[in-house]
Amino acid sequence: MMGTKALAIEEFCKSLGHAYIRFDYSGIGKSEGNFEECTLGKWRKDVLSIIDDLAEGPQILVGSSLGGWLMFHAAIARPQKVVALVGVAAAVDVLVTKFNQLPVEVQKEIELKGVWSIPSKYSEEGVYHIQHSFIQEAKHHCLLHSPIPVNCPVRLLHCMEDDVVPWHTSVQVADRVVSTNVDVILRKHGDHRMKEKADIHLLVCTIDDLIDRLSTVVT
């Protein structure tokens, strides 16, 4: 929740006088818990807990990477409260998809070790260690195998040079979402994190436009 995007959105919301909530999932950042024991299902519960216990009124959810996957689950579970979604390189089903694309012998090796080590330039160690149990549990939360029952406006931002989550994922998500109010916005340059000045400007403008449109509908 101390990331560039989260802080930039907070500053933007303050300038408009809008309430804003940013938080870390269990086992991440300032939140308690053991990361290695966390699951996508647990993080889904974290999101719903924030919506149920802290958020007041209609909500626009902004989710980056795995957060983009989780925001769809929140919209499905709380359709009366979630009125719009903004995904930033939304990683819907991506970990499971990538794991399933590995050779069978590699999958078995990971299962035996209990850990999947994925090289990443975004990690201080140069690698992310994903528990095999995390992948197995995440399979229960995949969405792209059928229509995604979300009817609110959806905006999906993605950089075409993203080497973590292919930009085609956002196109797949757009195709699966039931809502007809869906835009996919691609930037030709930029990486997975989308935290450069131009990326932040696009993100803030996208949120601003949704606020204007939703305010008009309410009025």
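Is it fair to say Ser117 is small (Gly, Ala, Ser), free of Cβ contacts under 8 Å to residues at least 24 places away in the same chain, more than 17 Å from Val62 (Cα to Cα) and not assigned by the TED database to the domain that holds Ala19? So Ser117 fits the description; yes.
Listed conditions (1) open to solvent by 90 Å² or more (accessible area, probe 1.4 Å); (2) more than 19 Å from Val94 (Cβ to Cβ) are all met by Glu161, apart from (2). Scanning segment 1-20 for residues that are of a type in the set (A, V, I, L, M, F, W, C), surrounded by 14 or more Cβ atoms within 10 Å (Cβ to Cβ) and over 14 Å from Lys195 (Cα atoms) returns Phe12, Cys13. Looking at segment 108-219, the strands (runs of 3 or more DSSP E) lying wholly inside it that each contain 1 or more residues that are of a type in the set (D, E, K, R) and touching a strand residue (DSSP E or B) at 6+ places or on another chain (Cβ under 7 Å) sit at 154-159, 182-187.
Checked across segment 57-69, the condition of being free of Cβ contacts under 8 Å to residues at least 12 places away in the same chain, among the polar types (S, T, N, Q) and more than 14 Å from Val177 (Cα to Cα) holds for no residue. For segment 55-88, a tally of residues being in contact with a Cys (Cβ under 7 Å, 6 or more places away or on another chain) and small (Gly, Ala, Ser) returns 2. Got at least one residue in segment 29-42 being open to solvent by 80 Å² or more (accessible area, probe 1.4 Å), assigned by the TED database to the domain that holds Val150 and aliphatic (A, V, I, L, M)? No; the residues of segment 29-42 include none that is open to solvent by 80 Å² or more (accessible area, probe 1.4 Å), assigned by the TED database to the domain that holds Val150 and aliphatic (A, V, I, L, M).
When segment 113-140 is examined, which residues are found to be touching a His at 6+ places or on another chain (Cβ under 9 Å) and either open to solvent by 70 Å² or more (accessible area, probe 1.4 Å) or among the β-branched types (Val, Ile, Thr) (or both)? If the condition is that a residue be touching a His at 6+ places or on another chain (Cβ under 9 Å) and either open to solvent by 70 Å² or more (accessible area, probe 1.4 Å) or among the β-branched types (Val, Ile, Thr) (or both), then Lys113, Val115, Ile118 are the ones that fit.
Of all residues in segment 13-39, those satisfying the criterion of being under 15 Å from Leu61 (Cβ atoms), in contact with a helix residue (DSSP H, G or I) (Cβ under 8 Å, 6 or more places away or on another chain) and of a type outside the set (Ser, Thr, Tyr) are His18, Ala19, Ile21, Arg22, Phe23.
Residues of segment 68-79 that are crowded, with 21+ Cβ neighbours inside 10 Å and among the small types (Gly, Ala, Ser): Gly68, Ala74, Ala75. If the condition is being more than 16 Å from Leu7 (Cα to Cα), surrounded by 17 or more Cβ atoms within 10 Å (Cβ to Cβ) and of a type in the set (A, V, I, L, M, F, W, C), then segment 185-210 contributes only Leu210. The single condition among (1) out of contact with any helix residue (DSSP H, G or I) (no Cβ under 6 Å at 6 or more places or on another chain); (2) among the β-branched types (Val, Ile, Thr); (3) farther than 20 Å from Asp24 by Cβ that Val96 does not meet is (1).
The values are calculated or read from the model by the stated rules, or taken from the named source; none is laboratory data. Quick caveat, the model's predicted, so the values are computed rather than measured. So basically every Cβ, Gly included, is an ideal-geometry build from the backbone, and we count neighbours across all protein chains shown. Side chains included, ligands, DNA and RNA excluded: accessible areas come from the protein's heavy atoms. Shrake-Rupley method; radii C 1.70, N 1.55, O 1.52, S 1.80 Å.
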